[in-house]
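Novice: Got a structure for you, questions after.
The values are calculated or read from the model by the stated rules, or taken from the named source; none is laboratory data. All of these numbers come straight from a predicted model, not from anything done at the bench. Neighbour counts run over all protein chains shown; Cβ positions are idealised from the backbone, glycine included. Ligands, DNA and RNA are stripped out before the accessible areas are found, and what is left, the full protein with its side chains, is counted by its heavy atoms. Shrake-Rupley method; radii C 1.70, N 1.55, O 1.52, S 1.80 Å.
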Amino acid sequence: MQMLIQAHAPTRRPAPGAADSPGLRIRSADAEQIALALREGREQLLAMFSGFEAALGTQGLAIAFDPVLNLPLWELGHIGWFEEWWIRRNPERTRGTHCSAALHRLDSLLPGADALYDSSNVPHATRWRLALPDADATRTYLARVREQTLALLPTGAADAQALYFFRLALLHEDMHREAWFMMAQHLNIELGLALPEACGALPQDTGEWAVPGGARRVGGGAEGFSFDNELQAHTPFVEPFRMDRAAMTWRRYLPFVQAGGYDDAGLWTPEGWQWRQQHSDGMPLHTRIADGEWQQRRFGHWRVLNQDTPAMHLSAHEAAAWCRFAGRRLPTEFEWESAARLAAEQTEAFDWGRVWEWTASAFAPYAGFAPHPYRDYSAPFFDGRPVLRGGSLATHARMLHPAYRNYFAADRRDVFAGFRSCAVG
């Protein structure tokens with residue numbers, strides 16, 4: 001699959017899940033590797049911000065209020081603020097997850113930064129009314145913070161706790177870059193960067209895999225880096241099941257549309273049908289039929305839809321309705337993770353990392369959950385929203401990890417999200 005914003009040759013990234021994959025390596029990366037990753041990520045971040053300036057105007061960088069978007073200028077400043085808050089301003093940064101959540105911080109390099117960029121205390125809607133520093137001042141702030149971050153990065157045989165906040169800041173910035181790709185798609189604008197090609201040959205692996213049952217380890221380990229919602233690794237027993245070897249393609253999804261699936265209330269949950277009536281025009285987002293063929297809008301440009309690519313920008317409601325239409329079901333997150341891990345161990349074909357995949361599981365804490373110092377990362381979202389697994393082409397390769405749990409409200413379609421199905425039973 002190839003998705004281009006402009007005519008730059010996309011890079012091909014490594015397969016996720018393998019023992020030497022970036023997603024596994026970064027969690028045990030040393031200081032030198034982290035420094036390199038920080039520099040690489042920042043280069044792309046600033047290039048993307050320049051794309052927003054070109055598309056929206058340097059003086060404005062303004063977009064209409066949207067509950068799922070942030071102003072690019074605010075988001076850029078927040079990324080620098082987050083890094084400074086947890087590293088330079090944090091006197092307990094070397095304690096990692098043992099750091100106190102409430103402690104006296106050093107002053108920011110930018111006076112008043114907390115009142116501007118603290119996402120835990122600056123309500124979303126108010127961010128449009130803030131007197132933000134201009135683009136150049138914001139870039140200068142990020143550069144000063146990064147200089148301090150690299151100076152404080154411990155070298156030598158630093159343990160996982162001493163490097164915890166450096167890895168967290170890196171991955172936090174990776175998440176925001178993906179959010180910027182989502183924003184560009186949502187706003188139908190180009191940023192001047194290309195998404196990477198998926199690994200492996202095209203088309204995707206097809207068919208399904210009879211995954212054997214058994215007690216399977218799920219969750220992150222205490223060694224290296226893990227997000228708090230991944231910890232408390234455990235071994236639930238997973239019954240045998242049959243699962244698609246790859247995410248749902250448009251070729252499999254579109255017959256549901258053409259058969260009137262969007263108009264058949266019997267295929268939707270009550271919540272899904274209410275969403276369909278209120279928020280959907282009866283077509284997948286960013287698709288249309290024109291000149292007798294299916295087309296897809298990518299970053300503002302309509303192109304012929306390659307039906308052998310993963311179906312994406314689907315809500316969890318649409319995924320569940322297709323499954324009922326086809327007599328199948330969504331996997332649980334435990335089934336998804338156990339399949340991903342087993343496939344890597346046994347070199348089974350199990351293609352993931354092209355599109356986020358909705359699961360049937362609600363985002364909830366594992367038994368024994370304890371929040372990390374960044375208290376608002378997981379706990380506020382244990383509200384019944386579904387878990388997504390895998391990753392998309394907009395997800396940096398080092399974010400792709402079999403234990404990683406993403407979580408969005410079921411009605412979100414701006415995410416590069418699709419699904420794979422399991423056999424019923």
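Novice: What relative contact order, as a whole-number percentage, does the chain give when Cα pairs under 8 Å and 6 or more residues apart are counted?
Specialist: Details: 734 pairs, mean separation 92.0, N = 425.
Rounded, it is 22 percent for the chain.
Novice: Then there is this: Run the helix sum for the chain: -39,500 (n - 2.57) per DSSP H stretch of 4+ residues, divided by residue count, reported at 222 nm to the nearest 500 deg cm²/dmol.
Specialist: On the way: 10 runs with 140 residues, N = 425.
Value at 222 nm, helices only, nearest 500: -10500 deg cm²/dmol.
Novice: Let me ask you something else. What is the magnitude of the charge dipole of segment 44-146 about its Cα centre, with +1 placed on the Cβ of each Lys and Arg, -1 on the Cβ of each Asp and Glu, and no other charges, expressed in debye to the nearest 20? Present the calculation step by step, with values, prior to reporting the outcome.
Specialist: Working: 10 positive and 11 negative charges, 62 e Å.
Dipole magnitude for segment 44-146 comes out near 300 debye.
Novice: Please work out the C-alpha center-to-center distance from segment 57-115 to segment 286-352 and express it in whole Å.
Specialist: Value for the Cα centre distance between the two parts: 34 Å.
Novice: Can you give the accessible area per residue of the chain, in Å², using a 1.4 Å probe?
Specialist: Numbers: 17380 Å² over 425 residues.
Per-residue value: 41 Å².
Novice: Summarise the accessible area of the chain (1.4 Å probe, protein heavy atoms) by the percent that is carbon and sulfur. Mind dumping the intermediate values first?
Specialist: Details: 9130 of 17380 Å².
On the chain, the fraction of accessible area on carbon and sulfur atoms equals 53 percent.
Novice: Moving on. Please list, by residue number, every one of the GluC sites (Glu not before Pro) in segment 162-199 that is coil in DSSP and has at most 15 other beta-carbon atoms within 10 Å.
Specialist: Values: sites: GLU173, GLU178, GLU190, GLU197; in loops: GLU190.
Hits after loop and neighbour filter: nothing returned.
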